[in-house]
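The values are calculated or read from the model by the stated rules, or taken from the named source; none is laboratory data. Predicted, not measured: the structure shown is a model, and the values here were computed from it. No Cβ is skipped: glycine too gets one built from the backbone with ideal geometry, and neighbour counts run over all protein chains shown. Note: areas computed on protein heavy atoms with side chains; ligands, DNA, RNA excluded. Shrake-Rupley method; radii C 1.70, N 1.55, O 1.52, S 1.80 Å.
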Amino acid sequence: MNMQQMILQLQSYWSSRGCVLAQPYDVEKGAGTMNPMTFLRSLGPEPWNVAYVEPSRRPADGRYGENPNRVYQHHQFQVIMKPSPDDIQEVYLGSLKALGINPLEHDIRFVEDNWENPAMGAAGLGWEVWLDGMEVTQFTYFQQVGGLEVDPVSVELTYGLERIASYIQDQENIFDLIWVEGVRYGDIFKQPEYEHSKYSFEVSDPEKLFQWFDHYEEEAQRALNEDLVFPAYDYTLKCSHTFNLLEARGAISVTERTGYLGRVRHLARRCAKTFVQERERLGFPMLKQGGDNS
Amino acid sequence: MTDRDLLLEIGCEEIPARFVEGAAAQLSEKLSAWLKQNRIAFRFARTYATPRRLAIVVQGVAEKQTDMEEEVKGPPRRIAVSEDGGWTKAAEGFARKQGIRVDDLQSKELKGETYIFARKHHAGRPTVDLLREGLPALFESLHFPKTMRWSSRRTRFIRPVRWMVCLFGEETVPVEWAGITASNRTRGHRFLGEETVVTAPDRYVDALRDQWVVADIEERRSAIRKQLSQMEREQGWRIPIDEGLLDEVTHLVEYPTALYGSFDESFLELPAAVLITTMREHQRYFPVEGPDGELLPYFVTVRNGDDTALDQVAKGNEKVLDARLADARFFYDEDLKLPIRKAVEKLDHVVYFEDLGTIGDQMRRIRSLVLQMAYRLGLEAGEVQQVLRAAEIAKFDLSTNMVDEFPELSGVMGEEYARKAGEDPVVARTILEHHYPRFSGDTLPPSTLGALISLADKVDAVVSAFSIGIQPTGSQDPYGLRRRAAGAVQILVEKGWTSISLDDIISIALERLDSDGWLKRPREEVKKELVSFFNMRLKPVLQEEGIRYDLIDAVLASDTSFPRLVLEKAKVLSAQVEQEGFKHVVEGFSRAANLAEKGKQGVQVNPDHFQEQAEQELFNAVHTAAEAFQQGRSRHDARRMYEAISTLAPVIHDFFDRVLVMADDETVRHNRLALLRRIDDLVSGFAAFKKIVFA
């Protein structure tokens, strides 16, 4: 099964389980959790089920396209179901079957892993799902997002697409993965991997990045003062990505690090609060529809 | 009365392995307590647990609660009965409150006063009803270090609860909790099994076995052991069992099947500790050894399932381990490229503690403490050089990738990398040794150099924390200060150095912190707290040596600046308490001490005021004893110290026989009391004898 088929399988599987199929969000981010479709929508009382592929950028993980497993940008397949369904583990295991993984012929285990993203004020409890010893999915029940206790609780499933694909295709190097017949992963991503790595580690201008961070932060605050949560959140993501670039560049000292993370966290918390407040002002519209996608 | 067996099962999503056993034990304890509290007789309870279930089978549970007679005391009869012999309002109120009729009130005398009593009969209720009503609260009361919520439920539990079974005999008890109603249906193995009906509690284990679940923890654990030893026999291997890992694996599976895989032989070039840690920490694998204890390129994993497609499972695991080991090799190779000097420099950018600077700062403090101790111990120039080098680079491995990935390899990697970098092997070894003892009962650093750095490291950690007001409180000791202080004391006891005291070491450490500007509190105050903190750590060391409690208290109340000497003193006392004359000796000391308290402070003994021969004799004896005591002390010879003061005992008794201490003449009296104080001061330098208990 090539990567494209994998994505199509997962989309069709979760679509049939009532998920909105969303598209990748157009602002840089380190993980699918930071997509507003997850971060903001997991807040408040409204039901919400969504699935999407998220290209996730982690500048410090860039290896110039030379490491077989580590990359600047990898792909997550992200599912959010709120409230978490009672049979979610079985449904999830069904998705592995849809990828051609027969549990009887493998060793599938749920190994404790409590997820936390302090910069986003988010934390949850759950597991890494192991497939023959390999972590293929992060399975998390959110407990807190943006510093707020969530109610109802969302379940988040994050599949590591490259990992599962290298397993299914039995490849050692992700650049050899077949994306679709005739096109390999490396054909698409090798050049950007090299360029982004070189940029992040050698070329980026820390002085500008520091300035941008300040400007993005300012703009996020300004938007929040007008209760414009989505624009504010975009700028929060910009701050976070800029911070990641600074860190990859080695431009942030240990003491400064805590300060910058605190600034991102502060924005994320304000966005979370404002989002709930604005949804309430709108009368929690999806609550009225009775959560028809659940 | 008839009884039935009771089965209770809470079905969960996968409970974290480290909590499974404790959770089951807790359920059992709480249920037993609940049954007792509710007066429901039972024979015994047995727990079962897997990652997906906590269960308990209680045998011989009574059908009904036992009946209970209750007697409630009311007001005195003189208040309850009016003058005309009728019940007063007070009596009526009491009866109403107790739910009985006034005519059923009874009278009884209690300590000369007659009271009215309500006697109530509580008929035992059916156990089934009590279970249904009481179990939800019992489940709620289960306590876990970390709990969660799920869906829209209010319940908090360790992981989401998905089903419950509650059977009283063959009867289903529909307990409702966490949005679930208990039934007689349990779930089997996630992949191999199915939902199944449990017809009776004693069928529970077998019903699950039919569905590929081994419910008994011990049975799973021993099944894994058996499979491993069978593999050992078949393959001619040794598979060392890390008990912690075995526990974890036992709680990760419902139906264990051990299997093995291999990895590329070239990885064996990595240090064994790296391979073992990678396998254990990342993958929960057991490493495999050859007949001579050498690591072989195989691993053993325990699958949650049967033996279907084991080759495929092994192949998957091999692929994962290969990637992990490739990472480890990458870290190792990269780390070897990092010069030690650079690694040390990096520590100047790692915060040790918010208000205590960087690890680099800490390293310099440790180095200066080591230097001063080495000087006092009179180490040879060569050794001083080695220990200073080791102190300078003792923590360089914190800058390496490997230690960043596996913090528990700090020390092991330090030694390995230092050797590869061409450091003196003694220096390299010292880097590892300075971590000892890492936990209570761990080995102590074998070499003097390792002991010195370990001691300096631990003392600095404690002293610096105290300097900014961080101290353990109650059961809270997040920075492991007690453990470190205990390690420092153990090293001092073991080494028995006589040229440097614990007191001095603390002072040197404090002085450096002060001159570096880290000390944020009054020095003398911190010093006092530290001395008593380290003193407290001596207690367990003495207990470990089998010293009696009262003797421990006696020596700890005296001079403790040389922990080894404290131990020696305690041993001398331990031998003495067995001796016939010891009590007599202590009585002499006590008589002197008790009277000395009556004396005036600051009065010096003046032989010119002596009236009796016995005074002069005692004075001379004290003088001789003090000199002998001092000699013993300077040699750290507890036996001689004790012998010196024990010679005083007969002279003291003789003195009391012949001299009336409390003379009318004030000068004479105070002179005698001052003499007794000198004795007490001298004797207290050995131990607080008054704390010794005689049967």
Note to self: Looking only at residues that are surrounded by 20 or more Cβ atoms within 10 Å (Cβ to Cβ) and at the interface with another protein chain (Cβ under 8 Å from one of its Cβ atoms) in region B:294-313, which one is farthest from B:Leu268 (Cα to Cα)?
What the structure shows: B:Gly305
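Does region A:72-83 contain at least one residue that is within 14 Å of chain B (Cβ to nearest Cβ), assigned to a loop (DSSP other than H, G, I, E, B) and closer than 22 Å to A:Ser16 by Cα?
In the first step, residues of region A:72-83 are kept if they are within 14 Å of chain B (Cβ to nearest Cβ); the result is A:80-83.
Filter once more, keeping what is assigned to a loop (DSSP other than H, G, I, E, B): A:83.
Next, from what is left, pick out any that are closer than 22 Å to A:Ser16 by Cα: A:83.
Yes, region A:72-83 contains at least one residue that is within 14 Å of chain B (Cβ to nearest Cβ), assigned to a loop (DSSP other than H, G, I, E, B) and closer than 22 Å to A:Ser16 by Cα.
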Next item on the list: Starting from residues that are without any contact (Cβ under 8 Å) to a residue 60 or more places away in the chain and either over 36 Å from the mean Cα position of the chain (by Cα) or open to solvent by 70 Å² or more (accessible area, probe 1.4 Å) (or both), keep the ones in region B:331-357 and report whichever is farthest from the other protein chains (Cβ to nearest Cβ).
Entry: B:Arg341
Item checked: Residues within region B:180-200 that are within 14 Å of another protein chain (Cβ to nearest Cβ), outside any strand (DSSP E or B) and open to solvent by less than 30 Å² (accessible area, probe 1.4 Å), tallied -> 3
Item checked: Single residue of A:Val155, A:Val183 found to be assigned by the TED database to the domain that holds A:Met34 and over 30 Å from B:Asp322 (Cα atoms) -> A:Val155
Notebook entry, point to check: So B:Phe144 clears everything in (1) within 30 Å of B:Val205 (Cβ to Cβ); (2) at pLDDT 95 or above except one condition, right? Which one?
Noted result: (2)
Checklist line | Selection count where residues are under 20 Å from A:Gly147 (Cβ atoms), open to solvent by less than 30 Å² (accessible area, probe 1.4 Å) and either outside any helix (DSSP H, G or I) or out of contact with any Pro (no Cβ under 7 Å at 6 or more places or on another chain) (or both), scope region A:232-257 | finding: 6
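So for region B:64-76 (the condition being under 30 Å from B:Asp216 (Cα atoms) and surrounded by 13 or more Cβ atoms within 10 Å (Cβ to Cβ)), does at least one residue qualify? Before the answer, list the steps.
The initial filter retains those residues of region B:64-76 that are under 30 Å from B:Asp216 (Cα atoms), namely B:64-65.
Checking the rest, the ones that are also surrounded by 13 or more Cβ atoms within 10 Å (Cβ to Cβ) come to B:64-65.
Yes: region B:64-76 contains one or more residues that are under 30 Å from B:Asp216 (Cα atoms) and surrounded by 13 or more Cβ atoms within 10 Å (Cβ to Cβ).
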Note to self: Please verify whether A:Gly65 is modelled with pLDDT under 95 and under 20 Å from A:Ile88 (Cα atoms), treating the condition exactly as stated.
What the structure shows: no
Next item on the list: Could you check, for region B:525-537, whether at least one of its residues is over 24 Å from the mean Cα position of the chain (by Cα), free of Cβ contacts under 8 Å to residues at least 60 places away in the same chain and open to solvent by 60 Å² or more (accessible area, probe 1.4 Å)?
Entry: yes
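Across region A:135-153, which residue is surrounded by the most Cβ atoms within 10 Å (Cβ to Cβ) among those that are hydrophobic (A, V, I, L, M, F, W, C) and more than 18 Å from A:Gln78 (Cα to Cα)? Before the answer, list the steps.
Within region A:135-153, the subset hydrophobic (A, V, I, L, M, F, W, C) is A:136, A:139, A:142, A:145, A:148, A:150, A:153.
Imposing the further condition that a residue be more than 18 Å from A:Gln78 (Cα to Cα) reduces the set to A:148, A:150.
Details: A:Leu148: 17, A:Val150: 22.
That would be A:Val150.
Can you tell which of B:Val427, B:Val459, B:Val463 is open to solvent by less than 10 Å² (accessible area, probe 1.4 Å), closer than 28 Å to B:Leu338 by Cβ and in a helix (DSSP H, G or I)?
Working: B:Val459 fails: closer than 28 Å to B:Leu338 by Cβ; B:Val463 fails: closer than 28 Å to B:Leu338 by Cβ.
Exactly one of B:Val427, B:Val459, B:Val463 is open to solvent by less than 10 Å² (accessible area, probe 1.4 Å), closer than 28 Å to B:Leu338 by Cβ and in a helix (DSSP H, G or I), namely B:Val427.
Which of the residues belonging to region A:203-231 are touching a Ser or Thr at 6+ places or on another chain (Cβ under 7 Å) and either open to solvent by less than 40 Å² (accessible area, probe 1.4 Å) or part of a loop (DSSP other than H, G, I, E, B) (or both)? Working first, answer last.
As a first pass, look at region A:203-231 and keep what is touching a Ser or Thr at 6+ places or on another chain (Cβ under 7 Å): A:209, A:212-213, A:216, A:220, A:224, A:227, A:229.
Listed by number, the residues that qualify are A:Leu209, A:Phe213, A:Ala220, A:Leu224, A:Asp227, A:Val229.
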Notebook entry, point to check: Does region A:88-102 include one or more residues that are acidic (Asp, Glu), open to solvent by 10 Å² or more (accessible area, probe 1.4 Å) and in a loop (DSSP other than H, G, I, E, B)?
Noted result: no
Margin query: Just to verify a result, which residue in region B:147-179, among those that are within 11 Å of chain A (Cβ to nearest Cβ) and in contact (Cβ under 8 Å) with a residue 60 or more places away in the chain, is nearest to the chain's Cα centre (by Cα)?
Written below: B:Ile158
Notebook entry, point to check: Can you find even one residue in region A:107-124 that is away from chain B (no Cβ under 14 Å) and surrounded by fewer than 16 Cβ atoms within 10 Å (Cβ to Cβ)?
Noted result: yes
Notebook entry, point to check: Given the residues B:Glu21, B:Glu29, B:Glu70, which is the only one that is acidic (Asp, Glu) and either out of contact with any His (no Cβ under 8 Å at 6 or more places or on another chain) or within 20 Å of B:Leu135 (Cα to Cα) (or both)?
Noted result: B:Glu29
Checklist line | Condition met for A:Glu156 (in a strand (DSSP E or B), crowded, with 23+ Cβ neighbours inside 10 Å and more than 10 Å from chain B (Cβ to nearest Cβ)) | finding: yes
Notebook entry, point to check: Just to be sure, is A:Tyr260 open to solvent by 20 Å² or more (accessible area, probe 1.4 Å) and either in a loop (DSSP other than H, G, I, E, B) or modelled with pLDDT of 95 or more (or both)?
Noted result: no
